[in-house]
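A short write-up of the structure that comes next.
The values are calculated or read from the model by the stated rules, or taken from the named source; none is laboratory data. No experiment lies behind these values; they were computed from the predicted model shown. Cβ placement follows ideal geometry from the backbone for every residue including glycine, while neighbour counts extend to all protein chains displayed. Please note that ligands, DNA and RNA were not included when accessible areas were found on the heavy atoms of the full protein model with its side chains. Shrake-Rupley method; radii C 1.70, N 1.55, O 1.52, S 1.80 Å.
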Amino acid sequence: MNAGFVRYICQWWLAITMVCLSISLQAATPVLSELAAADGVRPRICLVLSGGGARGAAHVGVLRVLDEYRIPIDCIAGTSMGALVGAAFATGMSLTEMEQLLGSISTELLFKENPPRQEQHMRRKQDDYTILFTPEVGLQQGQVKVGKGLVTGVQLETVLRQLSKAKGFYKFDDLPIPFRAVATDLVSGKAVVFDRGELANVMRASMSVPGAVAPAEFDGMLLVDGMLTSNLPVQTAREMGADIIIAVNVGTPLLKREEINGIFGVAGQMLSILTEQNVNASLATLTANDILISPELGDFSTGDFDNLRQIAPLGETAARQVAAQLKQLSMPPADYAAFRQRQQINVQPEQRVVDEIRFDKLRRVNPDYTQEMLDTQVGELIDQPTLDRDLRRLYGTGHFEHVKYSLLDDDGKHVLAIDAAEKSWGPDYLRFGLGLSSDFSGDAYFNLLGSYRKTWLNELGAEWRSDLQIGRTSGFYSEFYQPFSATGPLFVAPHMTIEQRTADLYQQDERIASYKVVEKSAGVDIGSQFSRYGELRMGLLGGILEPSLDTGPQSLSPGESRVQLGALTGRLLLDQLDSAHFPRAGWSAKLNVYDSRSALGADEAFTRWDAEGTLAKSFGNHTLNFAVKLGDTLGSDPLPRYEYFQWGGFLQQSGYATGQLLGESLQYGRLMYYHRILRGSLLEGAYGGLSLEAGRIGNPLVPGNSDDWLKSASIFVGSDSPLGPLYLGYGRAQDGNSSFYLYLGRPF
């Protein structure tokens, strides 16, 4: 036989044999994987989860498919939102639990940091009834200072603690699945890889988006979002011993030219460019054995935390597109079930009784004051929900830029160490306010307000606050608030007022005169705070009042042009409303008494009182709000004209002009219904509603004005805006008076 022919046949036989062997090996890959696993040489598979804000919810969908295909995950590395999902899975949280938690998360839950209003201190609640709207800025040695982020992360850490089943300090290699999280050192610009720590604190550091969330402090480092240096931490996974990497990239694509609008668009694009560059570098290191999953997330943005349930399934869709590659890593059902069972073992935290509560870093704030704010007590087991509420309540005092805690063992004692970082831009603060109103008939008013507050002037918590306002009501107000102790309720508060205000007088619906009143007064109050519930004050006041008739007939003159003041005063405030602007639940009450006495130097003796109350109850998005307002004299002495009750306007007998009704007594009731037509994230949203009102002004100043019961109604839309509550409404009275209203600020 020809030798060349034999060689030809042999070559063909060898080629066919190699093809068949290749096909057999591919078909046998799962079997080979099972054998390798049985021999203990199964390749180590590491899951790498990128940052991407709310887009990271797609990671949960990917995990669902990996579980369905029985893909063993031996280690996890994550950045930002990837660190959140990764930590939850690494500590044994089931996919069902993760999906349920996703459904409960919202922008408000993550970033609305103040405690429920009912739990806030009464001194902070009172600001809600002013026109202040800006955040506080600090004043230090003539310099203006601001915080390091729009939010501090206090509430974010509360949610993150729910994402981790491992509470307390851990080495991350000891978790059910070894885990790493990546953050960025803001000073050095280098990536920081966490392999141990308190998981909630680590996750918070990994997702501290610069400018949005204040940096986290660890061992002297200022840490921000890991997306700046390693948004897809492939190299970290390699260092964990990964043979095969499953990388999930949910990063935000760069904006198109027409989408880059304004300074925030430019800033956002700069962050995206930095992120895109390090992601591309990580992608370049992937090998043929690795698997990349890139979910198509459309228009969902990094801040779309209100739509996590809609984002998660998109990760599932993307994972199924690489099913052929994934299934090559699949384990047999029995082996995978045993593998996952080992990873589902819950890491149980030690049940600790608190032997000591410690505040280590306080420089200005009295530790006794902070201790008094806590419901967590020495000698009791730590209850996580209670401790979370304590941290939010401490933050809500307004004295701290961040509050977190750690559990320490010190000389055999279990110590709850609370790190309450005092505001670096304090302790002196400046805020501004704006109020506008118009009835679209020529009457428009405004008020501008600046408020300066000095805090912790001594160890008892003294504050000095001064307000300057210009507009329809102009004036300067100052009060020094001095508690008798750091923890007790009693206080003394000297105060002074210089104010000029105007008032219009109407006959029926025609304006016929205008008053101007100038007050210069000073006084001192002694009172008691009921912590979160209210305040009681009693005091002495003296000064001078200068009422004058600006325009109109002399018969309406307020009388003496200079009146000496001297009075006993009393005020009771109770407030348990969940919102001062659009309350949906709770109640409030207020009582004022002004007892002018000749023995205290007053030119005129009389006693004036007024009281008001509000009750709100909601049924889903529907709210009923009932309010009353009463005012009159005590005793037989009549009120001087400059102390008459002025009423009228939007939601204060709607349909009438602002201040159209003036008389010696007031009786008013209002039933209001409103419906939430737009749910807000960090603000309260928008409402549409109506009111039914009835009121009576007794002994009106202007002859001919009615002292019968007046009935009116209104319809309105209102919204909580960054500048304060905004209302547009229309009111109509039974006697034909009607008006449109526009308000920025509180109308009542």
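Tabulated data for the structure shown
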item	result
Matching option when the condition is surrounded by fewer than 22 Cβ atoms within 10 Å (Cβ to Cβ), within 30 Å of the chain's Cα centre (by Cα) and of a type in the set (D, E), among E643, E612	E612
Selection from the range 514-564 of residues that are assigned to a loop (DSSP other than H, G, I, E, B), surrounded by fewer than 17 Cβ atoms within 10 Å (Cβ to Cβ) and not polar (S, T, N, Q)	F530, Y533, P553, G559, E560, R562
Residue match in the range 694-709 (condition: free of Cβ contacts under 8 Å to residues at least 24 places away in the same chain and in a strand (DSSP E or B))	no
Given (1) open to solvent by less than 50 Å² (accessible area, probe 1.4 Å); (2) in a strand (DSSP E or B), number of the condition A602 does not satisfy	(2)
From R532, R562, R501, residue being over 21 Å from V593 (Cα atoms), touching a strand residue (DSSP E or B) at 6+ places or on another chain (Cβ under 7 Å) and among the basic types (K, R)	R562
Residue within the range 138-152 that is charged (D, E, K, R), in contact (Cβ under 8 Å) with a residue 60 or more places away in the chain, in contact with a Leu (Cβ under 8 Å, 6 or more places away or on another chain) and part of a helix (DSSP H, G or I) present	no
Odd one out for A87, checked against (1) part of a loop (DSSP other than H, G, I, E, B); (2) buried (at least 17 other Cβ atoms within 10 Å of the Cβ)	(1)
Flag for E68 being over 26 Å from S294 (Cβ atoms) and among the acidic types (D, E)	no
Subset of the range 488-513 that is in contact (Cβ under 8 Å) with a residue 40 or more places away in the chain and not in a strand (DSSP E or B) - its residue that is least open to solvent (accessible area, probe 1.4 Å)	P489
Hits in the range 273-321 - residues which are assigned to a loop (DSSP other than H, G, I, E, B), open to solvent by less than 50 Å² (accessible area, probe 1.4 Å) and of a type in the set (A, V, I, L, M, F, W, C)	L286, L297
Sole residue being farther than 15 Å from R641 by Cα, open to solvent by 10 Å² or more (accessible area, probe 1.4 Å), touching a residue at least 24 places away in the same chain (Cβ under 8 Å) and assigned to a strand (DSSP E or B), chosen from L690, L683	L690
Residue selected from the range 472-487 under the condition among the aromatic types (F, W, Y) and touching a Phe, Trp or Tyr at 6+ places or on another chain (Cβ under 8 Å), by the criterion least open to solvent (accessible area, probe 1.4 Å)	Y481
Segments classed as helices (runs of 4 or more DSSP H), wholly inside the range 330-403, with at least 3 members that are hydrophobic (A, V, I, L, M, F, W, C) and farther than 14 Å from I418 by Cα	333-343
Pairs where the first residue, in the range 427-448, is in a loop (DSSP other than H, G, I, E, B) and the second is open to solvent by 80 Å² or more (accessible area, probe 1.4 Å), C-beta under 7 Å, 6+ apart	D439/F740; F440/F740
